[in-house]
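Working notes, structure below.
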Amino acid sequence: MVTVTGAGGVGKTRVAVELASRQLGRRADGVLLVDLTASSRAADVTAETARTLDLRAGAGAAATDSLRRYLTDRDVLLVLDNCEHVIDGCAELAATLLGSCAGLRILATSREPLGVDGETVWRLEPLAPDEAHRLFVERARQRLPQFIPNEETDKTIGQVCARLDRLPLAIELAAARVSVMSPSEILSGLETRLGELGGGSRLSPAHHRSVRAAVEWSHRLLDPVEQRAFRRLAVFVGGFDAAAAGTVAGLSLDVLARLVDKSLISTSEGRHGRTRYRLLETVREYAVDLLVEAGELDEVRAQHLRHFSSFRDGVREGWPSASAQQLVDELEDDYENVRAALEWALESDPCAARVPLAAMYDLFMMLGQADGLRIGRLVLERCPDRDRHRAELQISAGLLTMLLADTGEAKRALAEARELSSAIGEPRLEAWARFFQGLTATLGLSIEPGREHLEAARALHQELGIRTGEARATAALGLNFELDNESAHGQELVEQALSIGVAESDRWSQGQSHVYLGIIAESVAAHPDVATSHNRQAVDALRPFRDVTLLPVALIGQASVIAPRNPAAALEVAAAAFALRTRGGGQFPPAFRIRADRVRVTAQAALGADADRIWRAGARLGVDDAIALAFGIKRPRPAAAWGLSARELDVVRLVADGLSNKQIGSRLQLSVRTVESHVRHVLIRTGLTNRTQLATWARERIQ
């Protein structure tokens, strides 16, 4: 374990990201970055780390156990960034994982060491004088390309850097003003601000005073509109897009661009091609103070909650809903914002949190099951209102508890949901609660109780005209009969369910039905192609939902199909399925565990001494690689073996053609700063140092 320490603004995160980038390709199982900026409690460290690894485990000890199991045999570099405000949680997690995961390496950034046995502390010092000078000039030229300092200006720049303790963040903020101020004017403004700050904050470390002075001075130079926008942006956690900035902070694109130009906001490209904006954490800390001083914190938090609550409204039509994938596509980059908004509501008005939480539970089901369950339980504890939103939350909590393998608690939550739904006259919700009661019992091999619930749920959904509910209840009922050795009737029911799912364009129902039909095809010794067809269609339907419950069952089914002719591939696929289910925070329920264990034991017996090695290799497979192996698919080769995105490749080709960043931006309809960001990222990925090297490299390797 290595911990990079140093003052705020010294560049700890930037150094850690650079080092982590250079480790890509050197770690068999990758590099994982956990940004702890949004974490507020020690318990959040484990939960956020699990979520980053896509481990949808429970909270506390359960999440720690899941992390330990997942990382035990993996060669991983884990980067824990911004540890100082949750340092105890970071230290506890690091000590636990390092003690049981031999291939794990941890890189942490913090303003102080974690104090873990075996920790190597690397204190990051401010820049050397010549480095600080070069950084100032480089950043200044980005604002004013014709900026060429003379001997006197060089001396002034040196004084500016010295007054800012040669801290990179402070220097970048100062250099951003070169387009409107001379270096001597910048120095004069900083001298004044540092004198004021030094008089009232002598208990603060000198370096911290320097960064705060630079931030405060930059803030003072903003006009009133920019100042208001700047402090209101502090409410965002983990970044934001332009639409959110406009709705929550009330700023225009022009104001946003001005704050970017003044280096108070950084930009990056989001997962779906949308530009993301972010206040650096040191800057955000200051902006939060301003927001509190202005008495606007509660108002802006309320607006923040309203904005992220607006993505989903109305009556929920299923778990998951038909629009689940769309919701995640829209909000995946803003997961931390959604979570923060709900947690703020929990503190001020728990009942205000229940409506958006009930509406957006799909987001937590796919991206953060432990967070969803924790917040849901707190809302249920703190808000006594007995209405449909409470019933929806009880169903959601019961479902997540079932997925996280706590059958007893799931039964209790679902029984409460059913009772409340009946009491308040919500038969629609009563039908869904009854369905999940039946599914929980059936998967636990309690056949008769499960059948009773499922038949009642099916009848209720039919009576209410809820076709998706009818499809899912009918499919589960078919599985119930299959598990009771009545395959013919079970198949008939599941095929009925599939027809409804297709008619309703309900992809989840279709995936569920194909999983069950694959099980039935295998049990009645149908032709292997029949089972393969159902397994493949199940995977295609469920993959967009990021499912870790039924999709692994389909993989197990396909492993069983290919085991006779290729036991090694079957064992790898089975291992990947077990690992995927473990990442969900639970185990296969008894109804599926029997088949999964049978496939594993049969393949291991056929492979002998090689079985353990093959199992470990399979457990490392990504979902898409496991699917490709299971069905003999040749995965399309990545656009480049260097981990570059398609957009980055476009930029690299134009660099090789000799175009400037401005010309590239015009050609690709990108901002110059975005092009600069792409070029920097490519240089890091490829280990090159300048554009000339990059152009030569690109001509040799990229068509």
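The numbers here are math on the coordinates, done by the rules we state, and not lab data. Treat the numbers as computed from the prediction; the structure is a model and nothing was measured. Note that each Cβ is placed from the backbone with ideal geometry, even for glycine, and that neighbours are counted across all protein chains shown.
State, to one decimal in nm, how far the label point of GLU448 lies from the label point of ALA525, with both points 7 Å from Cα in the Cβ direction.
Computed distance between label sites GLU448 and ALA525 equals 3.1 nm.
Starting at the first residue of region 144-156, write each ³J(HN,Hα) from the Karplus equation 6.51 cos²θ - 1.76 cosθ + 1.60 with θ = phi - 60°, in whole Hz, x for Gly and Pro.
Values, residue by residue: 9, x, 7, 5, 10, x, 8, 4, 5, 5, 4, 5, 5 Hz.
Can you give the Rg to Rh ratio for region 313-425, taking only C-alpha atoms and Rh from Kirkwood? Don't jump to the answer; show the numbers that get you there.
Values: Rg = 13.2 Å, Rh = 14.0 Å.
Expressed as Rg/Rh, it is 0.94.
Can you list, by residue number, the Cys in the chain that have no neighbouring cysteine C-beta under 4.7 Å?
Here CYS101, CYS161 come out as lacking a disulfide-compatible partner, given the Cβ-Cβ threshold of under 4.7 Å.
Within 10 Å of each residue's Cβ, count the other Cβ atoms and sort LEU367, LEU251 from fewest upward. Display every interim value, and only then the final one.
Values: LEU367 19, LEU251 22.
The most exposed by this proxy come first: LEU367, LEU251.
Which distance in nm do the two modelled labels at ARG141 and THR120 give, with both placed 7 Å along the Cα-to-Cβ direction?
3.5
Calculate the FRET efficiency for ASP29 and ASP387 from the Cβ-Cβ distance with a Förster distance of 45 Å, rounded to the nearest 0.05. Numbers along the way, then the final one.
Details: r = 46 Å, r/R0 = 1.03.
In this case the efficiency is close to 0.45.
Could you tell me the calculated FRET efficiency between GLU191 and SER310, based on Cβ-Cβ distance and R0 = 35 angstrom, to the nearest 0.05?
On the way: r = 47 Å, r/R0 = 1.34.
It comes out at approximately 0.15.
How far apart, in nm, are two points set 7 Å out from the Cα along the Cα-to-Cβ line at ASP484 and at SER184?
9.3
When ASP254, ASP65, ASP165 are ordered from fewest to most other Cβ atoms inside 10 Å of their Cβ, what list results?
Starting with the residue having the fewest Cβ neighbours, the order is ASP254, ASP65, ASP165.
Residue by residue through region 253-264, what is 3J(HN,Hα) from phi via Karplus (6.51 cos²θ - 1.76 cosθ + 1.60, θ = phi - 60°)? Round to whole Hz and write x for glycine and proline.
4, 5, 5, 4, 4, 5, 5, 5, 4, 8, 6, 7
So how far, in whole Å, is the C-alpha centre of region 360-392 from the one of region 461-497?
When both Cα centres are located, 28 Å separates them.
Can you give the extra length, in nm with one decimal, that the chain gains between GLU492 and GLU293 once fully stretched, where that is 0.36 nm per residue apart less the Cα-Cα distance? Before the final figure, lay out the partial values.
Numbers: separation 199, 0.36 × 199 = 71.64 nm, distance 6.66 nm.
That pair, GLU492 and GLU293, stretches by 65.0 nm at full extension.
Suppose only helical runs count, i.e. DSSP H with n ≥ 4. What mean residue ellipticity at 222 nm does that imply for the chain under -39500 (n - 2.57) per run, divided by all residues and rounded to the nearest 500 deg cm²/dmol?
It comes out at -20500 deg cm²/dmol, rounded to the nearest 500.
Collect residues whose amide H, placed 1.01 Å from N in the peptide plane, falls under 5 Å from the amide H of VAL121; neighbours closer than 5 in sequence don't count.
Counting only residues 5 or more places away or on other chains, the set is THR3.
Indicate, rounded to the nearest 5 percent, the antiparallel portion of the DSSP beta bridges found entirely in the chain.
20
Kindly write out, for region 234-247 in residue order, the coupling ³J(HN,Hα) from the Karplus curve 6.51 cos²θ - 1.76 cosθ + 1.60 (θ = phi - 60°), rounded to whole Hz, with x marking Gly and Pro.
Karplus values, whole Hz, x for Gly and Pro: 5, 6, 6, 10, x, x, 6, 10, 5, 4, 5, 4, x, 6.
From the Cα trace of the chain, what convex hull volume per residue do you get, rounded to a whole Å³?
Details: hull volume 117.6 nm³, N = 703.
Spelled out: Cα convex hull of the chain, divided by residues, is 167 Å³.
Which shape class, rounded, prolate or oblate, goes with region 1-157 when its Cα gyration tensor gives a ≥ b ≥ c as root eigenvalues, a/c under 1.5 marks rounded, and past that a/b bigger than b/c marks prolate? The partial results should precede the final answer.
Values: a/c = 2.60, a/b = 2.36, b/c = 1.10.
Judged from the Cα gyration tensor, region 1-157 comes out prolate (a/c at least 1.5, a/b above b/c).
Based on the alpha carbons, how large is the Rg to Rh ratio for region 285-378 when Rh follows Kirkwood? Provide the component values of the computation, followed by the final result.
Working: Rg = 13.9 Å, Rh = 13.9 Å.
Result: Rg/Rh = 1.00.
Using a Förster distance of 41 Å, how high is the FRET efficiency between GLU285 and ARG593, based on the Cβ-Cβ distance and rounded to 0.05? Numbers along the way, then the final one.
Numbers: r = 48 Å, r/R0 = 1.18.
Working from the Cβ atoms, E equals 0.25.
Volume per residue, Å³, of the convex hull around the alpha-carbon atoms of region 25-107?
It comes to 79 Å³ per residue, whole-number rounded.
Considering only C-alpha atoms, what is the centroid distance from region 113-151 to region 19-36, in Å?
Computed from Cα coordinates, the inter-centre distance equals 23 Å.
Listing ARG613, ARG276, ARG472 from the residue with the fewest other Cβ atoms within 10 Å to the one with the most, what is the order? Walk me through the numbers on the way to the answer.
Values: ARG613 12, ARG276 18, ARG472 29.
With the sparsest Cβ surroundings first, the list reads ARG613, ARG276, ARG472.
From the Cα trace of region 50-91, what convex hull volume per residue do you get, rounded to a whole Å³?
Values: hull volume 3.6 nm³, N = 42.
For region 50-91, the hull spanned by Cα atoms encloses 85 Å³ per residue.
Wrap a convex hull around the Cα atoms of region 379-527, take a quarter of its surface area, and give that in square nanometres. List each step's numbers first, then the result.
Details: hull surface 35.7 nm².
Over every viewing direction, the Cα hull of region 379-527 projects on average to 8.9 nm².
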